[in-house]
Structure formats: C-alpha cells, structure tokens
1. How high is the relative contact order of the stretch 1-65, in percent, with contacts defined as C-alpha pairs under 8 Å that are six or more residues apart?
2. Let me understand the chain better: what is its radius of gyration from the alpha carbons, and its Dmax, in angstrom?
3. Met295 accessible area, nearest 10 Å², 1.4 Å probe?
4. Which of the chymotrypsin sites (Phe, Trp or Tyr not before Pro) found in the stretch 13-103 are in a DSSP loop and have at most 13 neighbouring Cβ atoms, other than their own, within 10 Å?
5. Can you list which of the trypsin sites (Lys or Arg not before Pro) found in the stretch 314-388 are DSSP loop residues with at most 11 other C-beta atoms within 10 Å?
6. Under the √(5λ) rule applied to the eigenvalues of the Cα gyration tensor, what semi-axes describe the equivalent ellipsoid of the stretch 40-151? Give them in Å, descending.
7. Sort out for me the Cα centre separation of the stretch 52-72 from the stretch 256-279, rounded to whole Å.
8. Using a probe radius of 1.4 Å on heavy atoms only, what accessible surface per residue do you get for the stretch 1-63? Whole Å² is fine.
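The values are calculated or read from the model by the stated rules, or taken from the named source; none is laboratory data. Note that this is a predicted model, so its numbers are computed, not measured. Cβ placement follows ideal geometry from the backbone for every residue including glycine, while neighbour counts extend to all protein chains displayed. Accessible surface is based on the protein model in full, side chains and every heavy atom, while ligands, DNA and RNA are left aside. Shrake-Rupley method; radii C 1.70, N 1.55, O 1.52, S 1.80 Å.
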Amino acid sequence: MNTKTKLTFKKSIDAPPAHVYRAFTTSQGVEEWMADSAEADGREGGRFYAWWNAGFYSAGIFKEAVKDEKVVFSWHALYEPAPTEVTVELEKTESGTDLKLTHSGLGEGEEWQPAVENFEREWANSLKNLKSVLETGVDKRLYDRPMLGFYIGGLVDEKLKKRLNLPVDFGMHVSGVLDGMGAQRSGLQAEDVIVSVDGTEIRDFQSLTPVLSTRKGGDVVHAVVYRGPEKVEMDVELSKRPVPEFPPPPVELAAVAKRVHKEVLAALKDALKGVSEEEASHSPANGEWSAKEVMAHLLISERWNQAAWDRHAENDKFPSYPGASRSVKAIADTYKAKQLYKELKRTLALNVRMIKSLPEEYVSNKAAYFLTGGDFENNIRTHFLPHVDQIKAAVAEARKEKQPA
C-alpha cells in the first residue's frame, strides 16, 4: 500500500467514546451519520460495507478494534484506484471525546486526485454530521435537505393506475400535503401523481434524493404531475425541513404516546360506529383495502414499531418497514372488526410500556433515541388519521353499493 499521502481530520464531540465507537463499528451506527445502508461487524476480521443511494459504495474489513479507543478498517470504494485504510482514534475528555481520523495509503498524481479531493470534502462533511447526530440526534443529511411538503402514498402500480385513470406507468402518489409547506402553496393536491421533478423521472423512492440534495429551502423546482388523466406542470417551492425537538425522557414520552393513542383510537372508534361486519369487510374496488384491512395494516405497523424498538435498543439495525405485507389480508380474515379494534388498542398499550422501559444506555445515545422519539406525536397522527379517513371512505362505498338502484 502506498503510504506517501494521508489525510487527517480532528473533531471534538460532546458524547462519550462508547457512542463514537458504536458509530464506526455497528451497522446502525454507520447508517445514522454516514451511509444510507451499512453492514459493519466491528471486530478484527469483520466486514465493513457502506452504500449511498446515489450509487456509491465502499467495502473493507476491520483490521483492529480496541473498544472505545481505536478502530482500523480497510477502504476500497467505487472508482478508486486501490484499497486504502482508515484509522479512528478516540480520547476521552471532560466534555466527551476527541476524535482523530486518518485516511492513509492514498496515491499521488492525476489518477488519485479525484479520490483525494472526494475524501477531503466528504470526511469533513460526514464528521460534522457525526458531531450533530451524537450531540443532538439531528441527522443533517435529512434536516438540511429541503422538502416538497407532501405525504407519500406509494409508487404507481396497476391498481393505482386503474383507480386514478392514469396514462403513465410510473410516478409517486401524493396522499396529502402539509399545511403551509411549498407543495400546498404551489397547488399540489392529494391524489396527484408526480412523474418528474426538474427533468428527473420519479421511478422509485430514491429518485428525489439527487434532485433535492443540491438545493435548499426557498428554491423552486419544476414538477410534472398527473391529476387523473390530466397532465399538469407546476413550479413548486421547496420548504425548509422543520427539526423536531429532542424527545423527552421515556416516562414523559410514554405519557405523550398514551394521550395521542387515546385521541386516534377515539377517531377510529367513531369511524367504526354502527359499521357491520359485512361493511367493514367490503373492498371499495379491486385491490383496495377494506376497513378491516386498513386496521390490519395499522396493527402490523405498531407491531413493527415494537420489533424495531426492541432490536434498535439491542444495537441492531432499525429494520425496514415491511410495507403492504401479505399479513394484511390474513389478519383481516382472522379477526372480526371489533376484535381488530381491541387488538390494536392492546398493542398501543404495549407500545407505551415498551417506551417506558427503554434502557438508560439507549436513551443517553442521542442518535439512537432521536430515531425513536423525534416528532413522535406528529408521526402517530399523520399515520393514523389519514387511515381513519380511508376507513370512512371504504364504509361509505360499502353503504353506497347496498342502496337500491
């Protein structure tokens, strides 16, 4: 390995060495501040792999791992001429940790120049984000990025295409817009389908990332939207992404959860009032969820929360949400509507207990705890209440079809 060139970065972080060490040696830790996806087995001989949604990746192995003090891993990324090496040294201070990162083994000349320039820029930015994440919980990659200000309903598939009478096979479905955000002010509406932004086709959930990553709040982008079969073009103002306050301690967060759960359950109970089992089982259209299937989805989501908190508190990766799980229909077929409501109520009560019992070691790690409790109250409402409206619509459609011609 060529050792003529190396880059050194230093950063003082107001967090204990154990939290900084975790950020380099665990999959979840690496994802919280640096990569979009990672596999990190922080032991000698363990694997290191990091992936970014823009298509860039790096791989290596851990060569040395001294708990809370030092970690060394090889690094070989896409388009780089040869493997290099990253050494991270941690020193405990009165206020937290002094970090020293050395990237060595870099070559010289034109062949290496792009890689060296990239390392200089990206390590500086990433370590700045590491400091933010560990000190405040805020991932600057997300909260420094502007937002259009809408709720994603999913991607276009054959069912959505048929329901909305769309003339396109791709795009991102808008299930609602946020009050006061640029999307609402620019005229974007629920049920719109965005097919391109500034000339970039929206074919998957990552399509917006490169478009928004180079812009800031207040910038304007040009969007092509389908409103049913009608093509609409509009300029959309990007909004600054609001940063939620750091969550309160678990006992207080559990009290918030209990209060908001009571609110959304009351809305759900009201939506189900007087609804027969037949009406609750009725699908408004082929491929659309019945009221019971919507409740099954809510139940699956809350059970996923429990599994996610449990694994995350054990320092495992925050699992990906399963999406439109096959379990939806099975659960809807197994439970009656009233039983589903009661099961959901019990599951939310269990959530409250799990929040209360989150261990101090987990809560003290601001990067981890912020993922659990950041914007907690709003997240509950914005998931439940649109689905309550979906249940009302499904029931209304069932009753409409029962009416005599």
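1. After rounding, I find 20 percent.
2. 24.2, 85
3. Rounded to the nearest 10, that gives 0 Å².
4. Tyr79
5. When the trypsin sites (Lys or Arg not before Pro) of the stretch 314-388 are filtered for loop state and at most 11 Cβ neighbours within 10 Å, Arg326 remain.
6. Whole-Å semi-axes of the equivalent ellipsoid: 24, 22, 14.
7. If you average the Cα positions of each part, the centres end up 47 Å apart.
8. On a per-residue basis, 47 Å².
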